[in-house]
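Student: Quick one: the structure is below, and I'll ask about it shortly.
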Amino acid sequence: MVKLQLLIKAELENVTELVPASDDFEYFFQVQCNSCHEIHPKVVALNRIEERELSSSRGAANFIWRCGVCKRESSATFDSSPPKPYSEENGGFAPLLIIECRGLEFIGFDPRGIWKCKGTESGTLFPEVDLSEGEWTEYDEKSTLPVNISNIESKWVRA
Ligand SMILES: [Zn+2]
């Protein structure tokens, strides 16, 4: 088993505390088999709530994959701590989440889906930040400032 940590980085204009909007947020990851190093042809979707039974009946996991090439079953389970809101204070990559992997490794992250964030000065809550296009722009009426999120990057490291 290996614990992987997903780090994200983004440019935030007048907003902070960027984090997936709900517990059932679908994370889209690129996944690679540890046995034969095959990369799944598509990004896979998983969330923190849904669990599936392992075929070995040794418990459950949030994600189970049988590799199309070597046929080995691998799985992944989110760490119990909730995702960490991202703020740009340190200007670099910051940890979003940790996931325990057995037999696979995640190698990519597509941030599509609904996130939320807050106005830095105003505290205005933006509950529907759609990052499907990789960029989001709104207007904060309370602070009378434009708000924007862009240049999202991510990387996986060993936790
Ligand atoms: Zn394989």
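The values are calculated or read from the model by the stated rules, or taken from the named source; none is laboratory data. Please read these numbers as outputs of a predicted model, since none were measured by experiment. Using ideal geometry, Cβ is built from the backbone for each residue, glycine included, and neighbour counts are taken over all protein chains shown.
Student: Hey, among the residues in region 117-134 that are of a type in the set (A, V, I, L, M) and modelled with pLDDT of 95 or more, which one's farthest from LEU145 (Cα to Cα)? Talk me through it step by step, then tell me what you get.
Tutor: Start the filter on region 117-134 by keeping residues that are of a type in the set (A, V, I, L, M), which leaves 125, 129, 131.
Still in the running and modelled with pLDDT of 95 or more: 125, 129.
Numbers: LEU125: 14, VAL129: 16 Å.
Within region 117-134, the match that is farthest from LEU145 (Cα to Cα) is VAL129.
Student: May I ask you to list the residues in region 55-65 that are surrounded by fewer than 16 Cβ atoms within 10 Å (Cβ to Cβ) and either farther than 11 Å from THR77 by Cβ or in contact with a strand residue (DSSP E or B) (Cβ under 6 Å, 6 or more places away or on another chain) (or both)?
Tutor: Taking region 55-65 first, the residues surrounded by fewer than 16 Cβ atoms within 10 Å (Cβ to Cβ) are 55-60.
Matches in region 55-65: SER55, SER56, SER57, ARG58, ALA60.
Student: Here are the criteria: (1) of a type in the set (Val, Ile, Thr); (2) more than 17 Å from VAL157 (Cα to Cα); (3) surrounded by 19 or more Cβ atoms within 10 Å (Cβ to Cβ). Tell me which single one VAL31 does not satisfy.
Tutor: Result: VAL31 fails condition (2) only.
Student: Right, next: So which strands (runs of 3 or more DSSP E) are wholly in region 1-120 and hold at least 2 residues that are more than 16 Å from the ligand (Cβ to nearest atom) and over 30 Å from SER143 (Cβ atoms)? Spell out how you get there, then give the answer.
Tutor: Values: elements: 2-13, 15-20, 27-33, 44-46, 63-66, 73-78, 94-102, 104-110, 114-119.
Where strands (runs of 3 or more DSSP E) fall fully within region 1-120 and carry at least 2 residues being more than 16 Å from the ligand (Cβ to nearest atom) and over 30 Å from SER143 (Cβ atoms), they are 2-13, 27-33, 44-46, 73-78, 94-102, 104-110.
Student: Which residues, counting only those in region 44-54, are surrounded by fewer than 16 Cβ atoms within 10 Å (Cβ to Cβ) and farther than 17 Å from GLU73 by Cα?
Tutor: Across region 44-54, the qualifying residues are ILE49, GLU50.
Student: Got at least one residue in region 57-75 being hydrophobic (A, V, I, L, M, F, W, C) and closer than 22 Å to LEU18 by Cβ? Let's see the steps before the verdict.
Tutor: Kept after step one, since they are hydrophobic (A, V, I, L, M, F, W, C), are these residues of region 57-75: 60-61, 63-65, 67, 69-70.
Cutting the leftovers down to closer than 22 Å to LEU18 by Cβ gives us none.
No, region 57-75 contains no residue that is hydrophobic (A, V, I, L, M, F, W, C) and closer than 22 Å to LEU18 by Cβ.
Student: For the subset of region 115-134 comprising residues that are farther than 21 Å from PRO82 by Cα and within 16 Å of the chain's Cα centre (by Cα), which member is surrounded by the fewest Cβ atoms within 10 Å (Cβ to Cβ)?
Tutor: Per the criteria, the residue is GLU133.
Student: Evaluate region 116-133: report whether one residue or more is within 25 Å of SER35 (Cβ to Cβ) and touching a residue at least 24 places away in the same chain (Cβ under 8 Å). So that I can check it myself, show each step before the final result.
Tutor: Filtering region 116-133 for residues within 25 Å of SER35 (Cβ to Cβ) gives none.
So far as region 116-133 goes, no, none of its residues is within 25 Å of SER35 (Cβ to Cβ) and touching a residue at least 24 places away in the same chain (Cβ under 8 Å).
Student: Is it true that THR16 is surrounded by 15 or more Cβ atoms within 10 Å (Cβ to Cβ) and touching a helix residue (DSSP H, G or I) at 6+ places or on another chain (Cβ under 8 Å)?
Tutor: Working: surrounded by 15 or more Cβ atoms within 10 Å (Cβ to Cβ): yes; touching a helix residue (DSSP H, G or I) at 6+ places or on another chain (Cβ under 8 Å): yes.
Answer is yes for this residue.
Student: Something else about it: Pairs only if they're at least six apart or on different chains, beta carbon under 6 angstrom, first in region 1-17 and at pLDDT 95 or above, second among the charged types (D, E, K, R); list them, first residue then second.
Tutor: Close Cβ pairs satisfying both conditions: LYS3/GLU100; LEU7/LYS155; LYS9/GLU153; LEU12/GLU88; THR16/LYS118; GLU17/LYS118.
Student: Would you tally the residues in region 135-150 being in contact (Cβ under 8 Å) with a residue 24 or more places away in the chain and exposed (fewer than 13 other Cβ atoms within 10 Å of the Cβ)?
Tutor: Just the residues of region 135-150 that are in contact (Cβ under 8 Å) with a residue 24 or more places away in the chain, to begin with: 140, 143, 145-150.
Narrowing further to those that are exposed (fewer than 13 other Cβ atoms within 10 Å of the Cβ): 146.
Here the count works out to 1.
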